[in-house]
Amino acid sequence: MTFFFALGAACATVVGLWVLATWARKSKLPYPPGPKGLPFIGNALDIDRKRPHLTYTQWGKTYGDIVYTRSLGQDIVVVNSEKTARILADGRSAIYADRFRSSIFRM
């Protein structure tokens, strides 16, 4: 009897955490369009490990210049055009000044 009670409590906890996480995501501003991913791993299986730029280019053709994806808990925003990247970097740089700086900018 106590086994079923513990199992029920564990299931209720998991469902409660899932509902809380879903509610927390919906209360934020919407992300740019992007492919739907699997629970927990997101789009990790969709991205080519050796040539991820090909996957990002294909998504850019489907979803537009700015694509949002989630991979293994990491939020990824891909900018697929130089024009859009320049607008974001030059025109709105004050907004993004405190953001994480990627190593790609040094190249």
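Please treat every number below as a calculation from the coordinates, not as lab data. Everything numeric here is computed off the predicted structure, so don't read it as measured data. Here the Cβ positions follow ideal geometry from the backbone for every residue, glycine too, while neighbour counts run over all protein chains shown.
What FRET efficiency, computed as 1/(1 + (r/R0)^6) with R0 = 41 Å and r the Cβ-Cβ distance, is obtained for F3 and D75, rounded to the nearest 0.05? The partial results should precede the final answer.
Details: r = 39 Å, r/R0 = 0.95.
E between F3 and D75, to the nearest 0.05, is 0.60.
With a cut-off of 10 Å between beta carbons, the residues surrounding G37 carry a summed charge of +1, where Lys and Arg count +1 and Asp and Glu -1. For the stretch 44-55, the Karplus equation 6.51 cos²θ - 1.76 cosθ + 1.60, evaluated at θ = phi - 60°, returns couplings of 4, 7, 7, 8, 5, 5, 7, 9, x, 4, 5, 5 Hz by residue, with Gly and Pro reported as x.
What does the charge add up to near D90, with Lys and Arg as +1, Asp and Glu as -1, over the other residues with Cβ less than 12 Å from its Cβ? Spell out each step's value before the answer.
Numbers: positive: K83, R86, R92; negative: E82.
Charge balance near D90 sits at +2.
Which order do the peptides 45-55, 68-78 take when ranked by the mean count of other beta-carbon atoms within 10 Å per residue, highest first?
Details: 45-55: 11.9, 68-78: 14.7.
Top of the packing list down: 68-78, 45-55.
Close amide H pairs (under 5 Å, H built 1.01 Å from N) link S71 with N43, I76, residues at least 5 positions away or on another chain. By the beta-carbon count within 10 Å of each Cβ, the least crowded to most crowded order of W59, W18, fewest first, is W18, W59.
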